[in-house]
Amino acid sequence: MDKLRIFQLKSLFDEIVHFINSEDNSEQVEIWFARELQEKLGYARWENFMVAIQRAVDSCKTQNINIDDHFREVTKMVELGSGAKREISDFMLTRYACYLIAQNGDPKKEEIAFAQSYFAVQTRKAELIEERLNLLSRLETREKLRAAEKQLSQNIYERGVDDKGFGRIRSKGDTALFGGYTTEDMKNRLGIKSNRPLADFLPTLTIAAKNLATEMTNHNVDGKNLHGEQSITSEHVQNNKSVRHMLGQRGIKPEELPPAEDIKKVERGVANDEKKIEKATKKLPKQKKK
């Protein structure tokens, strides 16, 4: 997601924030209304959005967090086209409630992916939102590569290649992608321990490149009905060379890109931040008894 789109989406979400007094009137509590959030998250029907809200409520219950601190059902009057008014149901939501709703939405939707970081970042500065989006993108891309490599391993096992053969195929693919540098060569260049996966320290672009080449190999192993280590190696090497050529046309040499932070550290950091979101969120003031 580019910077301009991040600023555009941030402005849209900033427009619907409201403030109410805390229980002791000592501070302001940020709140959002579900009906307004529904539109920003790209839900056309309230009934569909209620499914995401209910999942968020269930998630709150699972974590033994008081639902009333973050979700409050309210009613409001809306004007109909005829000029008449009618009462509709709505929800008052804290930042944490909005975060849970976004977490239970479809991350393939741009608005949902943005909201997951927008509500996770305490100050919601555009730069911090962008940084978190980039971290999540790298984690997602790494997970896609894991899945593609697992699929390749399964595919070629059925075609006469064992685990050691898979390791050799993957290594020769790396050599093709990195312009002659082997997997171990790249680990040495980037200062990576020999027992750690190279991909855990690669930038998102390079992980995506490895994933594309692997997905191409998966596709062609099936499509061309390839069998045996030699023919599958040839296919994987060619796919990595093709991806390298494409990057080269844009002036990018994968072996020259700097290493990125250990993916395990990124995963721990994101998980720890998510644990702190509820504690950092100001709670809804208790409802006054009528």
Simple spin-label estimate for SER22 and ASP222 in nanometres, 7 Å along Cα-Cβ: 5.5 nm
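With each run of n ≥ 4 DSSP H residues scored as -39500 (n - 2.57), what mean residue ellipticity at 222 nm is computed for the chain after dividing by its residue count and rounding to the nearest 500 deg cm²/dmol? Please list the in-between numbers first.
Numbers: 11 runs with 168 residues, N = 290.
Value at 222 nm, helices only, nearest 500: -19000 deg cm²/dmol.
Relative contact order, percent, of segment 58-179 when contacts are C-alpha pairs under 8 Å separated by at least 6 residues? Write out the running numbers ahead of the final one.
Working: 80 pairs, mean separation 15.2, N = 122.
Relative contact order, segment 58-179: 12 percent.
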Projected label distance in nm at ASN188 and ASN48, using a 7 Å step from Cα toward the beta-carbon: 5.5 nm
Sites matching trypsin sites (Lys or Arg not before Pro) across segment 1-58 that sit in DSSP coil, with at most 14 neighbouring C-beta atoms within 10 Å: ARG45
Per-peptide average of other Cβ atoms within 10 Å, ordering 177-188, 207-218 highest first: 207-218, 177-188
Candidate lysines - alpha carbon under 27 Å from LYS10, same-chain residues fewer than 8 apart omitted: LYS40, LYS76, LYS108, LYS109, LYS125, LYS275, LYS276, LYS279, LYS282, LYS283
DSSP-assigned coil residues among trypsin sites (Lys or Arg not before Pro) in segment 83-167, each with at most 12 further Cβ atoms within 10 Å: LYS108, LYS125
Qualifying lysines (Cα of each under 16 Å from Cα of LYS172; at least 8 residues distant if same chain): LYS164, LYS187, LYS210, LYS241
Distance (nanometres) between label positions extended 7 Å along Cα→Cβ at GLU274 and LYS3: 2.9 nm
Label corresponding to Cα extents along the principal axes in Å when calculated from the structure given, among (1) 51, 41, 36; (2) 77, 40, 38; (3) 87, 50, 37: (2)
Those aspartates and glutamates that a straight Cα-Cα span of less than 18 Å connects to LYS265, excepting residues fewer than 8 apart in one chain: GLU131, GLU140, GLU143, ASP200, ASP273, GLU274
Fewest-first ranking of SER117, SER89, using other Cβ atoms within 10 Å as the exposure measure: SER89, SER117
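What percent do you get for the relative contact order of the chain when only Cα pairs under 8 Å and 6+ apart count? Please report the intermediate quantities before stating the final value.
Values: 341 pairs, mean separation 57.3, N = 290.
It rounds to 20 percent for the chain.
Just so you know, all these numbers are worked out from the coordinates, no wet-lab data involved. No experiment lies behind these values; they were computed from the predicted model shown. Note: ideal-geometry Cβ built from the backbone for every residue, glycine included; neighbour counts use all protein chains shown.
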